[in-house]
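Presented below is the structure to which this report refers.
The values are calculated or read from the model by the stated rules, or taken from the named source; none is laboratory data. None of the values given here were measured: they were computed from a predicted structure. All Cβ positions, even for glycine, are placed from backbone atoms using ideal geometry, and neighbour counts span all protein chains on display.
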Amino acid sequence: MLSCGCGGNGHSNPAEDKIIDVPIRLTPTSGKRRHLMGLSLQNIDKIVGREIHLKDVNLELERGSRNVFLGRTLSGKTSLLRILSGLDRPTRGKILIDGKDVTGVSVRKRSVAMVYQQFINYPSLTIYKNIASPLKIAGVKKAEIDRRVREIAEMLHIEDLLGRLPNELSGGQQQRTAIARALSKTPTCFCWMSHW
């Protein structure tokens with residue numbers, strides 16, 4: 001399962017399978033295209049070599065709502081989230097965040113956070129520094145970094161672990177650290193990859 005915490009009004013129709021073998025076609029409402037505050041994918045294709053990973057994906061995700069992309073293995077779910085987050089570029093199509101075209105914008109400059117099912121933390125950094133790293137890169141002032149790190153750590157019940165290294169934590173604590181790091185930069189869109 002892949003979850004994208006932006007919003008959604010995409011409609012499903014199992015009879016119109018367009019994303020390799022995903023049993024849904026993600027399309028906005030019929031008629032004129034609406035530009036919503038949130039995230040919009042327009043005519044997205046992703047082709048790697050001779051393989052079609054995504055074909056003609058159109059999707060509107062409204063700010064404040066949640067979406068879940070379900071599909072079998074190799075159905076294009078990960079490709080879709082990698083394109084949303086900026087880790088990959090589509091072969092064709094546009095990605096809009098709040099009406100602004102971000103198709104060519106780097107992952108560091110997008111307001112999108114992604115947490116993988118196999119959590120990724122910096123092994124040589126303390127939990128505090130792991131959570132603070134996106135804020136430091138963004139040039140946030142030290143006092144604000146400290147406030148946000150402690151606030152998010154408390155929310156996720158890892159405030160007592162801030163001085164430890166990732167390998168000193170349980171798997172669940174490491175996952176919460178990865179989530180905290182993603183949340184620290186207050187993303188417009190939060191993507192989460194998980195197998196259920």
Selection within the stretch 53-94 - closer than 15 Å to residue 40 by Cα, among the small types (Gly, Ala, Ser) and in contact with an Asp or Glu (Cβ under 7 Å, 6 or more places away or on another chain): 93
Qualifying residue in the stretch 151-161 (condition: among the small types (Gly, Ala, Ser), surrounded by 19 or more Cβ atoms within 10 Å (Cβ to Cβ) and farther than 25 Å from residue 97 by Cα): yes
Members of the stretch 54-66 found to be closer than 21 Å to residue 89 by Cα and modelled with pLDDT under 90, listed by number: 59, 60, 61
Subset of the stretch 122-140 [in contact with a helix residue (DSSP H, G or I) (Cβ under 9 Å, 6 or more places away or on another chain) and without any contact (Cβ under 8 Å) to a residue 12 or more places away in the chain]: 129, 136, 140
Residue that is surrounded by the fewest Cβ atoms within 10 Å (Cβ to Cβ) [pool: residues in the stretch 104-126 that are among the small types (Gly, Ala, Ser) and within 17 Å of residue 178 (Cα to Cα)]: 124
Some residue of the stretch 127-142 being of a type outside the set (Phe, Trp, Tyr), at pLDDT 95 or above and surrounded by fewer than 14 Cβ atoms within 10 Å (Cβ to Cβ): yes
Cβ pairs under 8 Å, 6+ apart, first in the stretch 178-193 and over 15 Å from residue 65 (Cα atoms), second outside any helix (DSSP H, G or I) and modelled with pLDDT of 90 or more: 178/121; 179/156; 180/156; 180/158; 181/121
Number of positions in the stretch 45-92 that are touching a residue at least 40 places away in the same chain (Cβ under 8 Å) and basic (Lys, Arg): 6
Search result, residues across the stretch 91-118 that are small (Gly, Ala, Ser), outside any strand (DSSP E or B) and either modelled with pLDDT of 90 or more or in contact with a strand residue (DSSP E or B) (Cβ under 7 Å, 6 or more places away or on another chain) (or both): 111
Single residue of the stretch 159-172 satisfying the filter (more than 20 Å from the chain's Cα centre (by Cα) and closer than 30 Å to residue 77 by Cα) that is modelled with the lowest pLDDT: 171
Subset of the stretch 56-72 [surrounded by fewer than 19 Cβ atoms within 10 Å (Cβ to Cβ) and assigned to a strand (DSSP E or B)]: 56, 58, 62, 68
